[in-house]
Amino acid sequence: MINRRSFLRKTMLLSALLGVKNVFSALPFGASRRQNTGSSKEGPIVLSTWDFGKEANLEALSTMEKGGNALDAVEAGVRIVEADPTNSSVGYGGLPDRDGKVTLDACIMDADGSCGGVCFLEDIMHPISVARKVMENTPHVLLAGEGARQFALSQGFPKENMLTPKAKEAWKDWKKERIYQTEINRERHDTIGMVAMDANGRLAGACTTSGLSFKLRGRVGDSPIIGAGLFVDGEVGAAAATGLGEAVLKTAGTFLVVELMRQGMSPAEACEEAIMRIVRKQQYRDFQVGFLALNIAGAHGAFSIHPGFTYSLSKNGKHEVFTADSFLKGEK
């Protein structure tokens with residue numbers, strides 16, 4: 001009978017002979033078979049897209065300090081940005097579609113694979129909390145449009161006008177020429193994606209946005225789609241995406257990042273390879289995509305197509321904003 005040590009030795013030898021990375025190198029033994037639910041020397045850790053994620057991180061950490069788990073933390077964290085009227089691409093204050101309607105997308109995912117999402121949601125301040133209700137109170141994963149709105153109202157969420165005066169004026173200005181185009185790092189923020197590890201080593205993630213400004217009515221991007229805008233696997237790690245949703249959807253981006261980590265890549269390596277999949281197949285110079293990731297060992301990483309993608313890290317009492325490495329290195 002082959003014991004565990006013998007199996008590992010033979011597996012590592014075979015990997016070396018085949019010229020591939022040892023799949024056990026990045027994660028502790030057993031990580032590919034179980035969730036990390038014991039005490040973590042690394043947690044709590046919160047990682048979120050863009051520099052405005054710092055305020056969201058602070059709320060997420062506060063939630064965990066008060067006894068909440070990673071799932072509670074990511075929900076509470078991104079709600080801060082959803083309610084910020086100065087943020088033009090997430091929640092309240094988000095720029096509308098070309099018909100002048102603010103429509104919201106969000107999803108949330110726990111370490112055990114439980115998840116929920118909403119898309120094309122109108123009149124509700126906190127789509128991330130509605131997404132959690134979908135996960136916990138229905139047999140479904142994703143609700144859309146009027147059905148999502150009716151479900152939210154049935155769960156006690158108030159109906160609210162999500163179009164701020166500033167966003168309305170921007171829409172009126174856009175209608176004068178009606179030119180639709182993507183912009184690299186538009187105002188240096190768009191979707192907020194957040195992943196977190198609590199003190200017990202449990203992972204969770206959340207993603208929320210108002211989507212592309214002045215988009216076609218009914219357009220849905222990657223943010224509410226599990227495996228595109230967000231993916232969490234308690235056995236491996238978690239990843240979130242930001243940027244042009246269509247590009248992320250075409251590669252199932254965050255699922256790819258997590259699977260690359262499962263194969264032994266570091267979070268930074270996995271994010272870079274996911275970006276390279278986009279670069280090799282799409283007209284990448286006209287849009288931005290960034291990925292960030294956290295593995296169960298507490299390591300993190302990020303990578304983007306164009307320079308300028310920032311992300312916020314909160315760990316060990318420190319709150320820092322980093323600029324991710326990028327493929328283009330400042331090229332135009």
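The values are calculated or read from the model by the stated rules, or taken from the named source; none is laboratory data. Remember, predicted model here, so these are calculated numbers, not experimental data. Positions of Cβ are generated from backbone atoms using ideal geometry, with glycine treated the same way; all protein chains shown enter the neighbour counts.
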Does region 172-187 include one or more residues that are in contact with an Asp or Glu (Cβ under 7 Å, 6 or more places away or on another chain), in a loop (DSSP other than H, G, I, E, B) and at positive phi? no
Just wondering, is there one or more residues in region 22-34 that are more than 25 Å from residue 324 (Cα to Cα) and either at pLDDT 95 or above or touching a Ser or Thr at 6+ places or on another chain (Cβ under 6 Å) (or both)? yes
Please state which of the following conditions residue 121 fails to meet, knowing it meets all the rest: (1) closer than 26 Å to residue 231 by Cα; (2) in contact with a Pro (Cβ under 8 Å, 6 or more places away or on another chain); (3) in contact (Cβ under 8 Å) with a residue 40 or more places away in the chain. (3)
So, of the residues in region 118-158 that are among the β-branched types (Val, Ile, Thr) and buried (at least 24 other Cβ atoms within 10 Å of the Cβ), which turns out to be farthest from residue 102 (Cα to Cα)? 134
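In this structure, is residue 79 assigned to a loop (DSSP other than H, G, I, E, B) and of a type in the set (D, E, K, R)? Quick ask: steps written out before the conclusion?
On the way: assigned to a loop (DSSP other than H, G, I, E, B): no; of a type in the set (D, E, K, R): yes.
The answer is no for residue 79.
Of these, 39, 48, 15, which one is among the polar types (S, T, N, Q) and at pLDDT 95 or above? Write out each step before concluding.
Values: 39 fails: at pLDDT 95 or above; 15 fails: at pLDDT 95 or above.
Residue meeting the stated conditions: 48.
Name the one entry in 303, 322 that is in a strand (DSSP E or B), closer than 21 Å to residue 192 by Cβ, without any contact (Cβ under 8 Å) to a residue 24 or more places away in the chain and not aliphatic (A, V, I, L, M).
Details: 303 fails: without any contact (Cβ under 8 Å) to a residue 24 or more places away in the chain.
Of the residues listed, the single one that is in a strand (DSSP E or B), closer than 21 Å to residue 192 by Cβ, without any contact (Cβ under 8 Å) to a residue 24 or more places away in the chain and not aliphatic (A, V, I, L, M) is 322.
Restricting the search to region 96-116, which residues are closer than 19 Å to residue 210 by Cβ, assigned to a loop (DSSP other than H, G, I, E, B) and among the aliphatic types (A, V, I, L, M)?
Going residue by residue through region 96-116, those that are closer than 19 Å to residue 210 by Cβ are 96-108, 116.
Cutting the leftovers down to assigned to a loop (DSSP other than H, G, I, E, B) gives us 96-103.
Across region 96-116, the qualifying residue is only 102.
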From the residues in region 197-239 that are under 21 Å from residue 102 (Cβ atoms) and of a type in the set (Lys, Arg), which one is nearest to the chain's Cα centre (by Cα)? 219
What number of residues in region 95-110 are closer than 24 Å to residue 70 by Cβ, out of contact with any Ser or Thr (no Cβ under 8 Å at 6 or more places or on another chain) and not charged (D, E, K, R)? 2
